[in-house]
Amino acid sequence: MWENVYEEFSELNRSQQIALFEAIKQDLFPEDPKKVDKLLDSIREVRFASGIGCVHCGSKSVRRNGKYRSRQRYLCKDCNKTFNDMTNTPFAGSKYPEKWVRYIELMVEGYTLPKIAKRLKIHISTAFYWRHKILNALVSLGYKQLEGIVESDETFFRESLKGRRDITHRKAKKRGEKDTKRGISNQKIAVVVAQDRNGNMIARKAGTGRVKAEEIDAVIGGFIHTSALLCTDTATNYKKFTKIKGLLHETINERQNQRVKKGIYHIQHVNNFHNRLKGWMERFQGVGTYYLDHYLNWFRWLELGKHLAIDKRVEHMLISACQRSNYNTVKMLRS
């Protein structure tokens, strides 16, 4: 009997095979609500690495206060408020704790909102707010210092104001409509990318049009070690930036087909990052500029963990999203 089913399965196209596999997997291995509970010890160790403190006021004067739904609760003796290990995290108060791990899995795999909503049987607005609660928590962790040889260059995205009703500086555009200005203009959003040879990276939006030295400084200046050597193209904005920061500087003249200088200086890592980023972004059919930093950081997290097994990447993202207190409501995300 199963041989006949498998024969029919092989006649499906790739997307149909994956959809059928996912449906069977959900029936045979439904979401386990205890998956997150199994990670609670790790979450607690990371979140309260210096000892359990009140997530509301920071006081260390805390005592245990019973359990609710098998989770330990705490009472702060100073502010008299209660909390548990998940309070003020993206998952606090969720009605679907059994879907959290699967949701992170789909994020790691880069699924779009409609596909996530369909797979988890949740409303698309729920999928949207979960995504941005998680991404906001990851952004709050900041970035590691870039050291040694640091490559930097910028790339550009079209300005997207989808969902906005108060566009004043230009007329609204339909999806796919071309910009009125060609090339780099104030209709393009500049994204500055910096990466050292240890694999640490930063990608943040810096403004519109040609990026200025001061804008570069604002987005990556605080994360480059003073002893680092910056490697860029010959653009004058980076020359001015290195003078502002007092950094050593090597330039690559790509107009003269120079790719590598002195056998070690190049910007190939960041240029390859640009290509992978652009390809990954295409699935979202235009990311709203307001949320662009969230998506840049999402892709950065995927890049940093790409050599790990999928289960380890999911675990790392979930624990990291709970590392700091982040009180974000749907109302706050809407505004």
Efficiency of FRET from Cβ geometry, Ala218 and Asn257, R₀ 22 Å, rounded to 0.05: 0.10
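Per 0.36 nm of contour for each residue apart, how much would the distance between Arg210 and Thr226 grow if the chain were fully extended, relative to their Cα-Cα spacing?
On the way: separation 16, 0.36 × 16 = 5.76 nm, distance 2.53 nm.
Working it through step by step, the gained length comes to 3.2 nm.
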What does the charge count around Gly305 come to, taking other residues whose C-beta lies under 15 Å from its C-beta (Lys +1, Arg +1, Asp -1, Glu -1)? +1
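Of the listed pairs Lys67/Lys95; Lys205/Lys278; Lys95/Lys133; Lys60/Lys95; Lys239/Lys262; Lys99/Lys312, which have alpha-carbon separations greater than 21 Å here?
Details: Lys67/Lys95 18 Å; Lys205/Lys278 14 Å; Lys95/Lys133 15 Å; Lys60/Lys95 30 Å; Lys239/Lys262 19 Å; Lys99/Lys312 17 Å.
Distance filter (> 21 Å) returns Lys60/Lys95.
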Please give me, ordered by residue number, the trypsin sites (Lys or Arg not before Pro) of segment 248-282 that lie in loop per DSSP and have at most 16 other Cβ atoms within 10 Å. Arg259, Lys262
Spin-label model distance (nm) - Gln16 vs Gln145, 7 Å beyond Cα toward Cβ: 5.8 nm
If you wrap segment 205-335's Cα atoms in a convex hull and average its projection over all directions, what's the area in nm²? 11.2 nm²
At what distance in angstrom do the alpha carbon centres of segment 32-106 and segment 258-309 lie from each other? 33 Å
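The numbers here are math on the coordinates, done by the rules we state, and not lab data. Values in this document were obtained by computation on a predicted structure and should not be read as measured data. Reconstructed Cβ throughout: ideal geometry from the backbone, glycine too, with neighbour counts over all protein chains shown.
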